[in-house]
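Please read the structure below before turning to the comments.
The values are calculated or read from the model by the stated rules, or taken from the named source; none is laboratory data. Because the structure is a prediction, the values reported are computed rather than measured. We place every Cβ from the backbone using ideal geometry, glycine too, and count neighbours over all the protein chains shown.
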Amino acid sequence: MKIYCYIITAAVTLFISQLAGCKKDEVFPDPYEGGQSLLAISFLNKTPMPSRGIAGQDMTFYVDGLKMANAKDIKFLASDLEASIKNITDSTITITLPQNVSSGAASLRVDGQVFQGPNIYIEGKLYRDATFKSGLGTNGIVYDILRDNDQYIIAGNFSSYNLNSTLGGLAKINSSGEKVDGLTAGNALSAGSISSIIKLPNSDLMIGGLFSMFDSVSDMNNITLLTGSGSLRTRIVDLYVAPDISDPSYAKDTVPQFIGNLSGFINKLYYYNNQVTAVGSMSGYSQYFYERSTKDNKLIAYSPVISISRMFLNGTLDSNYLFNKADPTKKLTGFNGSISDSYMQGDGKLIVVGSFTSFNGTACNRIVRLNVDGSIDQTFRSGLAANESISSITYNSTTQKFIIAGSFTDYNGASINNIAILNDDGSLDAGFKTTGAFTGGIPTFASQLSNGLIIVTGGFEKYNNITRKGLMVLNANGSLAVNYNSTGAFNGIAYKMIETKSGIGGLPAAILVGYIDTFEGQKCGGIIKLVFGN
């Protein structure tokens with residue numbers, strides 16, 4: 001106790017001595033002295049006139065204090081584009097909306113000081129379909145959308161759709177975006193996500209993703225078979241029962257009808273010729289052997305596989321496809337990098353894109369087309385292909401063109417800014433050329449409508465120094481489509497697009513799904529329908 005008091009006393013003495021050593025008249029300089037005084041300028045809480053405009057039109061904003069500021073340098077920015085100033089009064093400033101303007105925020109730059117204004121709304125030919133009543137959308141991510149006659153099935157990682165809950169990653173909606181009955185999936189997924197859903201010729205559904213249970217039934221790994229109405233296809237199996245077990249429930253179990261299991265995330269599923277192909281980041285295939293299993297201890301046979309696997313419709317592995325038959329305990333080399341996307345053609349050939357530079361020891365820079373037997377298709381004329389990763393690939397059967405997007409800036413020796421159109425044979429379509437660079441991020445998804453227009457989404461802020469926050473529309477030659485680029489910010493990532501028609505007038509339209517948070521400040525919940533007006 002005495003030692004404790006001594007330490008405190010010594011500390012106080014030292015502090016007092018330090019104070020005594022300070023000069024009472026010492027004055028420190030003001031670090032902010034000489035700074036510029038804040039100008040008394042502010043936007044008034046009034047809607048601009050007119051409330052919505054188009055490029056080349058005059059728009060008046062209500063501002064206080066601007067004329068009295070005697071400013072030397074005044075700039076008005078409309079969604080980051082400088083607008084010409086037509087007139088300034090005591091309470092207003094009138095500007096002419098610049099070309100390529102899009103919806104966004106207004107701001108004043110006065111002698112180096114910035115004053116934020118209201119949002120500007122620009123009319124254009126691209127807009128959200130008001131008849132698509134998705135409301136709040138999902139509470140998660142929509143990875144896939146499947147057309148089901150005149151309705152759609154969406155799949156992903158969500159548990160509600162527009163306040164309809166307990167969906168477990170699956171929901172059916174009508175053409176107006178409203179949830180409808182038709183899926184009897186029970187609780188579906190209690191955990192995990194569905195990244196791909198396909199319909200088989202007999203109308204059964206197959207799902208792939210990252211999950212180990214569906215509607216309380218386990219013994220599955222990332223892939224399983226459903227009925228057309230969404231319930232799990234199951235079977236009852238006989239199990240081994242130890243002599244000391246008398247409980248009859250230990251003799252049988254309800255398990256998935258599809259016997260195949262894949263370890264690792266499944267990104268895409270494809271059906272061709274009575275088989276299903278899975279593409280993703282898988283590393284192994286397994287089957288349960290129930291006749292030698294107990295209810296609490298089930299035997300599994302495991303085989304290493306690469307990130308593309310093919311199975312028959314009952315789930316057995318096709319060992320003739322990309323499987324090391326010479327040594328089943330070792331898998332083939334496969335890809336030396338990740339797969340980001342893929343597309344299967346009608347003839348069963350599979351195009352894969354990602355960050356890889358070789359497949360089974362053969363060079364292929366971020367894109368490769370495989371024959372039905374899994375060998376590399378040498379007729380695919382990608383040449384040197386992409387110098388950096390490819391994020392997505394889509395195909396339009398009308399234009400017969402592929403579109404790729406990603407971080408690449410070169411394709412087969414040609415300078416390309418992150419987007420390229422490929423012909424059917426993988427060669428570059430020389431008629432398409434991006435007219436500028438992206439800043440603030442890169443495009444991660446691009447898809448073409450049958451009329452030739454291309455919708456592009458990603459994390460970019462500007463394209464060719466023109467504000468395009470996350471979404472833009474290009475012509476088939478790569479130029480910005482006039483009057484289709486007036487929309488505001490698109491916040492999110494698109495994973496798939498389905499071309500359709502608008503709810504009124506039958507105009508071209510597209511449903512985008514993905515991790516889509518907001519569009520022009522309005523909630524999307526993973527799904528949005530856009531109309532391409534005349």
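Could you say whether any residue in region 236-246 is in contact with a strand residue (DSSP E or B) (Cβ under 7 Å, 6 or more places away or on another chain) and under 18 Å from ASN261 (Cα atoms)?
Yes, some residue in region 236-246 is in contact with a strand residue (DSSP E or B) (Cβ under 7 Å, 6 or more places away or on another chain) and under 18 Å from ASN261 (Cα atoms).
The conditions are (1) in contact with an Asp or Glu (Cβ under 7 Å, 6 or more places away or on another chain); (2) loosely packed, with under 15 Cβ neighbours inside 10 Å, and ALA326 fails exactly one of them. Which is it?
ALA326 satisfies every listed condition except (1).
Go through region 234-260 and give me each residue that's under 25 Å from SER283 (Cα atoms) and of a type outside the set (S, T, N, Q).
Residues satisfying the conditions are VAL255, PRO256, PHE258, ILE259, GLY260.
Condition first: surrounded by fewer than 16 Cβ atoms within 10 Å (Cβ to Cβ) and at pLDDT 95 or above. Now tell me which residues in region 523-534 satisfy that.
Result: LYS523, single match.
Taking THR184 as meeting all but one of (1) under 28 Å from LYS46 (Cα atoms); (2) touching a residue at least 40 places away in the same chain (Cβ under 8 Å); (3) exposed (fewer than 15 other Cβ atoms within 10 Å of the Cβ), write down the number of the exception.
All conditions pass for THR184, except number (1).
List pairs: first in region 396-419 and farther than 15 Å from VAL352 by Cα, second among the small types (Gly, Ala, Ser) and surrounded by fewer than 17 Cβ atoms within 10 Å (Cβ to Cβ), Cβ under 6 Å, 6+ apart or cross-chain?
If the second residue must be among the small types (Gly, Ala, Ser) and surrounded by fewer than 17 Cβ atoms within 10 Å (Cβ to Cβ), the pairs left are THR398/SER450; ASN412/GLY383; ASN417/ALA437.
Quick one: is ILE351 among the β-branched types (Val, Ile, Thr) and in the same structural domain as ASP219 (by TED's automatic domain parsing)?
For ILE351, the condition - among the β-branched types (Val, Ile, Thr) and in the same structural domain as ASP219 (by TED's automatic domain parsing) - is not met.
Quick one: in region 503-521, of everything that is buried (at least 19 other Cβ atoms within 10 Å of the Cβ) and not β-branched (Val, Ile, Thr), which residue is farthest from GLY177 (Cα to Cα)?
For region 503-521, the residue satisfying everything is GLU520.
Restricting to region 472-502, count the residues that are in a strand (DSSP E or B) and either in contact with a Lys or Arg (Cβ under 9 Å, 6 or more places away or on another chain) or farther than 15 Å from ASP80 by Cβ (or both). Walk me through how you get there before you give the answer.
From region 472-502, those in a strand (DSSP E or B) are 472-474, 480, 490-501; that's our starting set.
Restricting the remaining residues to those that are either in contact with a Lys or Arg (Cβ under 9 Å, 6 or more places away or on another chain) or farther than 15 Å from ASP80 by Cβ (or both) gives 473-474, 480, 490-501.
Adding up the residues that qualify gives 15.
Filtering region 98-128 down to residues that are at negative phi and not in a strand (DSSP E or B), which residue is surrounded by the fewest Cβ atoms within 10 Å (Cβ to Cβ)?
Here the residue is GLN99.
For (1) in a loop (DSSP other than H, G, I, E, B); (2) under 27 Å from the mean Cα position of the chain (by Cα); (3) basic (Lys, Arg), each residue gets a yes or a no:
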site: GLU291; (1), (2), (3): no, no, no
site: ASP296; (1), (2), (3): yes, no, no
site: SER309; (1), (2), (3): no, yes, no
site: ASN320; (1), (2), (3): yes, no, no
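Collect the residues in region 222-236 that are surrounded by fewer than 23 Cβ atoms within 10 Å (Cβ to Cβ) and not basic (Lys, Arg), keeping them in residue-number order.
Initially, region 222-236 is screened for residues surrounded by fewer than 23 Cβ atoms within 10 Å (Cβ to Cβ), giving 227-231, 233-236.
Result: THR227, GLY228, SER229, GLY230, SER231, THR234, ILE236.
Looking only at region 264-283, filter to residues that are more than 20 Å from the chain's Cα centre (by Cα) and among the polar types (S, T, N, Q); which one of those is surrounded by the fewest Cβ atoms within 10 Å (Cβ to Cβ)?
Only one residue tops the list, namely ASN273.
Would you tally the residues in region 435-447 being out of contact with any Ser or Thr (no Cβ under 6 Å at 6 or more places or on another chain) and either within 18 Å of GLY104 (Cβ to Cβ) or buried (at least 21 other Cβ atoms within 10 Å of the Cβ) (or both)?
Number of matching residues: 6.
Can you pull out every residue in region 360-375 that is surrounded by 15 or more Cβ atoms within 10 Å (Cβ to Cβ) and at negative phi?
Listed by number, the residues that qualify are CYS364, ASN365, ILE367, VAL368, ARG369, LEU370, ASN371, VAL372.
Could you tell me how many of the residues in region 317-356 are among the hydroxyl-bearing types (Ser, Thr, Tyr) and over 23 Å from SER407 (Cα atoms)? Step through it out loud before you land on a result.
First pass over region 317-356, keeping only residues among the hydroxyl-bearing types (Ser, Thr, Tyr): 319, 321, 329, 333, 338, 340, 342-343, 355.
After this cut, where a residue has to be over 23 Å from SER407 (Cα atoms) as well, the list is 319, 321, 329, 333.
Number of matching residues: 4.
Please go through (1) without any contact (Cβ under 8 Å) to a residue 40 or more places away in the chain; (2) surrounded by fewer than 19 Cβ atoms within 10 Å (Cβ to Cβ); (3) assigned to a strand (DSSP E or B); (4) not basic (Lys, Arg) for SER286 and return the number of the only condition it doesn't satisfy.
Result: SER286 fails condition (1) only.
Within region 57-80, can one find any residue that is in contact with a strand residue (DSSP E or B) (Cβ under 6 Å, 6 or more places away or on another chain), surrounded by fewer than 19 Cβ atoms within 10 Å (Cβ to Cβ), at pLDDT below 95 and under 30 Å from GLY525 (Cα atoms)?
yes
Within the bounds of region 521-534, is there any residue that is under 11 Å from the mean Cα position of the chain (by Cα) and more than 29 Å from ASN465 (Cβ to Cβ)?
Taking region 521-534 and keeping what is under 11 Å from the mean Cα position of the chain (by Cα), we get 526-527.
With the extra rule that they be more than 29 Å from ASN465 (Cβ to Cβ), the set shrinks to 526-527.
Looking for residues that are under 11 Å from the mean Cα position of the chain (by Cα) and more than 29 Å from ASN465 (Cβ to Cβ), one finds at least one in region 521-534, hence yes.
Pick from region 410-426 the residues that are touching a Phe, Trp or Tyr at 6+ places or on another chain (Cβ under 9 Å) and part of a loop (DSSP other than H, G, I, E, B): which of them is nearest to SER392 (Cα to Cα)?
ASN418
I'm checking my understanding of the structure. Among residues of region 289-303 that are among the polar types (S, T, N, Q) and in contact (Cβ under 8 Å) with a residue 40 or more places away in the chain, which one is surrounded by the most Cβ atoms within 10 Å (Cβ to Cβ)?
Per the stated criteria, the residue is SER293.
Condition first: within 17 Å of SER218 (Cβ to Cβ), of a type in the set (Lys, Arg) and touching a Leu at 6+ places or on another chain (Cβ under 7 Å). Now tell me which residues in region 283-311 satisfy that.
LYS295
So ILE393 fits all but one of (1) among the aliphatic types (A, V, I, L, M); (2) crowded, with 18+ Cβ neighbours inside 10 Å; (3) assigned by TED's automatic domain parsing to the domain that holds TYR240; what number is the exception?
Condition (3) is where ILE393 drops out.
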